[in-house]
Amino acid sequence: MSRHSPALTVMIAAARKAARGLQRDFGEVENLQVSLKGPGDFVSNADRKAEKILFEELSKARPGYGFLMEESGTVEGPDKSHRWIIDPLDGTTNFLHGIPMFAISIGLERDGQIVAALVYNPVTDEMFVAEKGGGAFLNDRRIRVASRRDLAQSVVCCGIPHLGRPGHRGFLTELSAVMNEVSGVRRTGSAALDLAYVAAGRFDAYWEAALSAWDIAAGILLVREAGGFVSDIDGSDRMLTTGNIIAGNDQLRSQLEKLLKKARREG
Ligand code: 2AM
Ligand code: CA
């Protein structure tokens with residue numbers, strides 16, 4: 001058993017409460033698929049309801065902390081050194097399609113550093129948590145990034161720019177470079193779970209561009225506390241601002257960075 005700090009205990013309780021609604025709503029999605037209106041509105045409602053629960057529970061437990069949330073944006077608190085960074089439903093497209101690959105993501109930032117992280121998939125009941133300096137855990141079992149050092153034996157996850165987003169051509173150049181070097185490429189549609197899976201050693205490495213802070217704030221700490229490395233695609237530490245990210249163990253992260261840089265130069 002891991003021993004959680006009071007902050008993480010609060011995060012777990014809030015996530016479990018919000019997850020109950022998401023689980024109920026996910027069960028309804030299948031019925032709605034065949035209705036005329038479709039599940040679109042229903043899903044954005046599920047998303048907002050989950051965020052409201054997280055906001056209420058975390059505000060109650062830690063009055064004064066600020067918030068950065070996917071749906072409601074920024075809420076300033078009197079305590080300027082603490083902020084929750086929340087995605088109530090990462091993997092919305094999966095949720096909408098009845099694919100059980102989505103998660104609640106909560107990061108706690110203290111003085112600009114993420115100090116506690118939670119990524120929870122309510123369908124599989126997988127709770128990934130980490131605290132700065134305290135290691136990363138999946139359902140109370142310690143997790144570590146994979147130890148493979150060779151890209152040729154690695155399964156690498158990525159994100160694909162969707163309709164209406166820039167970078168389609170650049171992504172294809174990167175994918176083409178990566179798929180020639182690795183054992184397999186995967187794409188799940190939830191950046192938070194991608195990072196959690198890297199932390200758990202399921203994916204050897206991961207890269208994606210144009211994400212938002214709430215997609216990755218918790219996942220970054222999970223990977224680092226699992227012994228992994230995370231950077232921006234240019235190698236810097238500005239992932240939360242640029243939204244570009246590479247993660248993996250030390251070796252694979254840097255090999256992937258080189259590969260992606262070369263693809264960009266030549267593409
Ligand atoms: P979301 O499911 O919360 O929207 C998938 O590549 C990642 O991109 C997910 O973490 C997803 O988060 C994020 N993303 C942001 N905007 C998106 C959009 N309009 N459509 C699909 N994924 C989006
Ligand atoms: Ca998201």
Within segment 34-46, identify whether any single residue is in contact with a Ser or Thr (Cβ under 8 Å, 6 or more places away or on another chain) and either assigned to a loop (DSSP other than H, G, I, E, B) or buried (at least 19 other Cβ atoms within 10 Å of the Cβ) (or both), and answer yes or no.
-> yes
So how many residues does segment 207-248 have that are in a loop (DSSP other than H, G, I, E, B) and more than 18 Å from Phe137 (Cβ to Cβ)?
-> 13
Just checking, how many residues over segment 209-228 are open to solvent by 30 Å² or more (accessible area, probe 1.4 Å) and under 15 Å from Val156 (Cα atoms)?
-> 1
Taking into account only those residues within segment 134-161 that are within 14 Å of ligand 1 (Cβ to nearest atom) and not in a strand (DSSP E or B), which is surrounded by the fewest Cβ atoms within 10 Å (Cβ to Cβ)?
-> Ile160
Across (1) within 16 Å of ligand 1 (Cβ to nearest atom); (2) in contact with a helix residue (DSSP H, G or I) (Cβ under 8 Å, 6 or more places away or on another chain); (3) without any contact (Cβ under 8 Å) to a residue 60 or more places away in the chain, Gly164 clears everything bar (2)
Could you tell me whether Pro100 is modelled with pLDDT of 95 or more, farther than 23 Å from Leu211 by Cβ and not in a helix (DSSP H, G or I)?
-> no
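Give the residue that is farthest from ligand 1 (Cβ to nearest atom), with candidates limited to residues of segment 51-96 that are touching a Lys or Arg at 6+ places or on another chain (Cβ under 7 Å) and at pLDDT 95 or above.
Ser81
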Cross-chain or 6+ apart pairs with Cβ under 8 Å, segment 179-197 first and farther than 14 Å from Ile246 by Cα, then more than 12 Å from ligand 1 (Cβ to nearest atom) and of a type in the set (Phe, Trp, Tyr) = Arg186/Phe203; Thr188/Tyr197
So which of Glu57, Glu71, Glu30, Glu51 ends up being free of Cβ contacts under 8 Å to residues at least 60 places away in the same chain and open to solvent by 50 Å² or more (accessible area, probe 1.4 Å)?
-> Glu71
Restricting segment 179-190 to residues that are out of contact with any strand residue (DSSP E or B) (no Cβ under 6 Å at 6 or more places or on another chain) and open to solvent by less than 40 Å² (accessible area, probe 1.4 Å), the residue that is nearest to ligand 2 (Cβ to nearest atom) | Gly189
Looking only at segment 124-144, decide whether some residue is within 16 Å of ligand 2 (Cβ to nearest atom) and either under 30 Å from Ser81 (Cβ atoms) or not assigned by TED's automatic domain parsing to the domain that holds Asn244 (or both).
-> yes
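The values are calculated or read from the model by the stated rules, or taken from the named source; none is laboratory data. These numbers come from a predicted model, not from an experiment. Note: ideal-geometry Cβ built from the backbone for every residue, glycine included; neighbour counts use all protein chains shown. Side chains included, ligands, DNA and RNA excluded: accessible areas come from the protein's heavy atoms. Shrake-Rupley method; radii C 1.70, N 1.55, O 1.52, S 1.80 Å.
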